[in-house]
Amino acid sequence: MPQEIQERRIDQFFSGPGARADEWRGLVEAAKAWSSGSGDRVNLEKKLSQLAITEEYHAYPGLRLMAALTERAAAGDAAGTLALAMRITQSLQTRSFRQHASDWDAQADADADMPDLLPPGFGETRVRRPYFETLIVTGIPATNWPNLAAEWRKLRRPVDGFIYEPIFVGSFEDAFCAAMLNPDIAAVIVNEGFARKSRHDAPILRSLISSMEPKDTGESALALAKTLKRIRPELDVYLVSNQNVEELAGNPEADVVRRIFYSVEELLELHLAILEGVQDRFSTPFFDNLKKYAQRPIGTFHALPIARGKSVFRSDWIRDMGEFYGPNLFLAESSATTGGLDSLLEPTGNIKEAQEKAARAFGGDRVFFVTNGTSTSNKMAVQALVGPGDIVIVDRNCHKSHHYGMVLSGGQPLYVEAFPMTEYSMYGAVPLKTIKQALLNLKSEGRLDKVKMLDLTNCTFDGHVYNTRRVMEECLAIKPDLIFLWDEAWFAFARFSPFLRPRTGMGAANDIEAWMHDPKSVDAYEEQRKELGADPSDDTLLNTRLIPDPRQIRLRVYQTNSTHKSMSAIRQGSMLIVKDVDFHTVEAQFKEAVFTHASTSPNQQLIASLDVARRQMELEGYGLVANAIEIAFAIRRAVAANPLISKYFSVLGAEQMVPAEYRASGFTDFLASGVNWGQILKSLREDEFFLDPTRLTLVCGRAGFDGTQFKGILASRYGIQVNKTSRNSVLIQSNINNTRSDVAHLIRVFAEISNEIDRDLAQGGANARKVFDARVKSLMTDVPDLPNFSHFHDGFRGDAGDKTNEGDIRSGFFAAYDAAGCEYIRLNDPELDRRLKSGPDLVSANFVIPYPPGFPIMVPGQVITQGAIDFMRKLDVKEIHGYNNVQGLKLVRPEALAKLMDRHSRAHGIKSAAE
Ligand SMILES: Cc1ncc(COP(=O)(O)O)c(C=O)c1O
């Protein structure tokens, strides 16, 4: 193999589907250059050989078309090579090969002489059948693969709901590569007898495999099945064995395999099983029924006149609404729970089934569909799991739904602080040491039994991803029955990336569960226990990576996701995912939580979209998420590489977003020179925090814009919507919807804005430069300190101990209902400063949440500090929830507090007397 080709190792190809498109474009360019005389054949052949390695993992263009390209090049036919390369590239781009047989033909208009080489079934039906690819891992020599492929194609029948092409590979490593690189693969057949190593050189790939499946990467079919399921759990894996299949089938480890077949003699059965497996993912029980329902003639003598659309389409005045949305929306509207529909509040039919499928897709035991956003999912989870007086360790910087959940349930929040990123006016995530310290403090006060839950946001709004497994393991080592609530409003898509999945709540819960069943886990625990001794100090516990006792753990993990934020669900579509061994103890409470929060008229289209979003992710989520990540990398790269744009804008990397102490691997940035997947994987595995690559903090302060201003310019002048803002940045988020054209537009806009700044500065002279520099300085360096949570006033501390600062937020919240017991002081009133200096304490009567940054700088019952007031005074945002500009801050009056304290001590006194 020529030296240059060896350099092009398969493990360097992990950059998603877009990289493949780039390679083909590169080939077309080389062919153009050769045929126009500005390039040569050698360059084309080099590119073609490089491309050929990864094309082995795709059905199209396949061995035959690749061979045709090679032959044309070898024959010196530059024009013919160019024509074929262009046709293939176009077919890949438009995906037309999925439907058109002629795309598979080297001589586009002469397919008569090779009927059985073309996929029969293509073009035979007018109904557009979804297309996928089936990976076949086999020990049969590669020379036999074309014949085998022809055998598979003969199995196609017009009644098949889907159409698929087989791809053959001969080794464990090639199977791994194919599953990683080809998002179209939906099913895998593993025949025993394949080789271990790829014939291509791939050192990083090998470390990747061992990180995915450290135990056994041998030739065993089961080991391969397990590895493939680990990278892509949604794949159906079939095992074909000539040995004792009964024994294999009885092996509990074989649960990763959908079906086991004895020898290949059952080809048709296998074919049917493959189609059935895909059908199982394709089927959307609620949506399918809703479509059927919409087609039926139904007379409604019920509420919801909009259902069936007659009041709309017969109206002269609102018909445009009907024309805009189309008739199906109205035909599919119903307030019934009968006639093939189901009840979201008490699902027994197709909603139940749809939820079960979602549980499978997202790695939980059960799922609740929620139609009021994750704001509601969070409140439901908190209400169902936390009772009055229970302590919840919670990130103060979390979404308001958690705080309100605590108000509703009477739980006592013990706020823990995320590390601050003061220069960007935002918080990071909560260090594990802080969480462990809180647990140890409670333990030392003998109140560990009161702690119910750890409630964290993963990833945070700005993209900080926890090491979820480590957090849960270490906390379980201190409190084995702690419940975890991971708010993954933004992170649901991560389930479909093998890199990010282990850092999701459910990904980690499944890994912990597998670890608990591994006999080595008990040894590891016992060994650490011996090392730490009978009574380890807090310091030792804080500085040790604690191993929980696998025999004691009650694994209770909850995850909420805003399906609408990262998948194809309609706004407000959300899921609450459960993996809780003790769910039966809280099931009734969950029912109550559903009854409390779910509307009795949930929107049918929302429920259907949750069902459909699940279908999409199970069938194409892998490729879509890879694309979203790749788009984010493309933006990062383009901003950093463009000399004009990078003068004024930058995207923050891990180095700026995560302090070094939380990046033990030494990883600095996705784009740092020399970074490869090996280092990224090490960081993913080991570092306390990792940055979600799809969330990009673009600093715009150096261009003289504050976040809100820049967001406004992008929206009003260029039609570009971005996510949240901070004082000097905006958050750009890539998702499964984005294309390379979107990136091109964004980068062009950044270039245009940068150009304008350059020009204005050049034309404005010294004064313009002075004004600009001052603005940049104010945005970038004159930033307010972030105010940490202070403490609850003694009147709202419930029964908190000395070392911890949890509080009775519910009483604080309802103190605001007593109008006479509250007062208002305006932010610029000197009375505020006088009270801060000499008392009495200023105690907030409500939540005060400025947007941005969006975290509560005051919660009900909290004592207000100088830091909070300074922060508010420096804030130049318009939207501050809970603060009334005219009246000022709402405070609990000192007299009302005194009364509360009095009541407290009397209650305490009575209790003492009783004791
Ligand atoms: C971390 C977090 N959790 C929950 C929510 C609420 O989600 P939803 O908009 O689906 O109600 C948000 C909204 O932005 C959020 O950022």
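Annotations
- Qualifying residue in region 261-269 (condition: assigned to a helix (DSSP H, G or I), more than 24 Å from GLN355 (Cα to Cα) and open to solvent by less than 20 Å² (accessible area, probe 1.4 Å)): no
- Cβ separations smaller than 7 Å between residues 6+ apart or across chains give the following pairs from region 560-574 residues that are touching a residue at least 60 places away in the same chain (Cβ under 8 Å) and near the ligand (Cβ under 7 Å from one of its atoms) to residues that are in a loop (DSSP other than H, G, I, E, B) and polar (S, T, N, Q): HIS564/GLN572; GLN572/THR371; GLN572/ASN372; SER574/SER562.
- Conditions (1) among the β-branched types (Val, Ile, Thr); (2) away from the ligand (no atom under 16 Å from the Cβ); (3) touching a residue at least 40 places away in the same chain (Cβ under 8 Å): number failed by ILE577: (2)
- Within region 589-631, tally of residues that are open to solvent by 10 Å² or more (accessible area, probe 1.4 Å) and aromatic (Phe, Trp, Tyr): 2
- Filtered by the rule that a residue be modelled with pLDDT of 95 or more, within 16 Å of the ligand (Cβ to nearest atom), within 22 Å of LYS379 (Cβ to Cβ) and among the hydrophobic types (A, V, I, L, M, F, W, C), region 432-471 gives MET453, LEU454, LEU456.
- Output for region 688-703, where each listed residue is open to solvent by 10 Å² or more (accessible area, probe 1.4 Å) and either within 20 Å of PRO853 (Cα to Cα) or out of contact with any Phe, Trp or Tyr (no Cβ under 8 Å at 6 or more places or on another chain) (or both): ARG702
- Subset of region 16-37 that is at pLDDT below 90 and of a type in the set (A, V, I, L, M) - its residue that is nearest to ALA632 (Cα to Cα): ALA19
- Filter result for GLY389 (open to solvent by 10 Å² or more (accessible area, probe 1.4 Å) and on the phi > 0 side of the Ramachandran plot): yes
- Filtered by the rule that a residue be open to solvent by less than 60 Å² (accessible area, probe 1.4 Å) and at pLDDT 95 or above, region 655-687 gives MET657, VAL658, PRO659, TYR662, ARG663, ASP687.
- When we screen SER683, SER673 for residues that are hydroxyl-bearing (Ser, Thr, Tyr) and in a helix (DSSP H, G or I), the only hit is SER683.
- Test: residue in region 519-531 that is touching a residue at least 24 places away in the same chain (Cβ under 8 Å) and over 29 Å from LEU576 (Cβ atoms): yes
- The residues in region 402-418 that are surrounded by 19 or more Cβ atoms within 10 Å (Cβ to Cβ), farther than 17 Å from PHE813 by Cβ and in contact (Cβ under 8 Å) with a residue 40 or more places away in the chain can be counted, and the count is 1.
- When region 369-405 is limited to residues that are under 22 Å from LEU786 (Cβ atoms) and basic (Lys, Arg), the one that is nearest to the ligand (Cβ to nearest atom) turns out to be LYS400.
- Residue check for PRO146: in a helix (DSSP H, G or I) and open to solvent by 30 Å² or more (accessible area, probe 1.4 Å): yes
The values are calculated or read from the model by the stated rules, or taken from the named source; none is laboratory data. Since the model is a prediction, treat every value here as computed from it, not as a measurement. Cβ: placed from backbone, ideal geometry, glycine included. Neighbour counts: every protein chain shown. To get the accessible areas, we keep the full protein, side chains included, count just its heavy atoms, and leave off ligands, DNA and RNA. Shrake-Rupley method; radii C 1.70, N 1.55, O 1.52, S 1.80 Å.
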